[in-house]
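Structure, as structure tokens:
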């Protein structure tokens with residue numbers, strides 16, 4: 001689900017900023033910045049701060065496809081989704097919205 005979408009034009013590129021409202025996780029929102037299919041920055045609101053900062057740093061520079069492949073379908077305890085799974089959904093939606 002999109003809650004906000006905007007473009008940041010820089011000298012050489014267009015960076016898409018996408019906000020995704022999560023479902024079923026402790027984090028409530030994921031903000032993703034994309035340059036084409038490359039993840040430039042990720043920020044989570046709420047959730048397990050240290051883990052989510054680590055995930056955010058780890059995925060910077062990865063492609064949308066890599067993140068989806070690595071994180072899609074990961075559960076959290078008995079929940080059928082997790083913050084990494086929601087991130088996979090967020091980057092997928094962000095990338096599709098750019099096309």
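Side notes on the structure shown:
- Enclosed volume per residue, in Å³, of the convex hull spanned by Cα atoms of the chain: 88 Å³
- Those residues of segment 25-42 whose amide nitrogen sits under 13 Å from the label point placed on residue 97, 7 Å along Cα→Cβ: 29-34
- Across 45, 60, 69, mean-square fluctuation computed from a Gaussian network of the chain (C-alpha pairs under 10 Å connected) peaks at 69.
- Across segment 61-83, the residues whose backbone nitrogen lies under 19 Å from the label position 7 Å along the beta-carbon direction of residue 14 are 64.
- Computed FRET value (nearest 0.05) for residue 80 with residue 53, which takes r as the C-beta separation and R₀ as 22 Å: 0.35
- When shorter helices are ignored and each DSSP H run of at least 4 residues is given -39500 (n - 2.57), the per-residue value for the chain at 222 nm works out to -11000 deg cm²/dmol.
FYI, it's all coordinate maths here, none of it is from the lab. For clarity, every value in this text was computed on a predicted model and none was experimentally measured. No Cβ is skipped: glycine too gets one built from the backbone with ideal geometry, and neighbour counts run over all protein chains shown.
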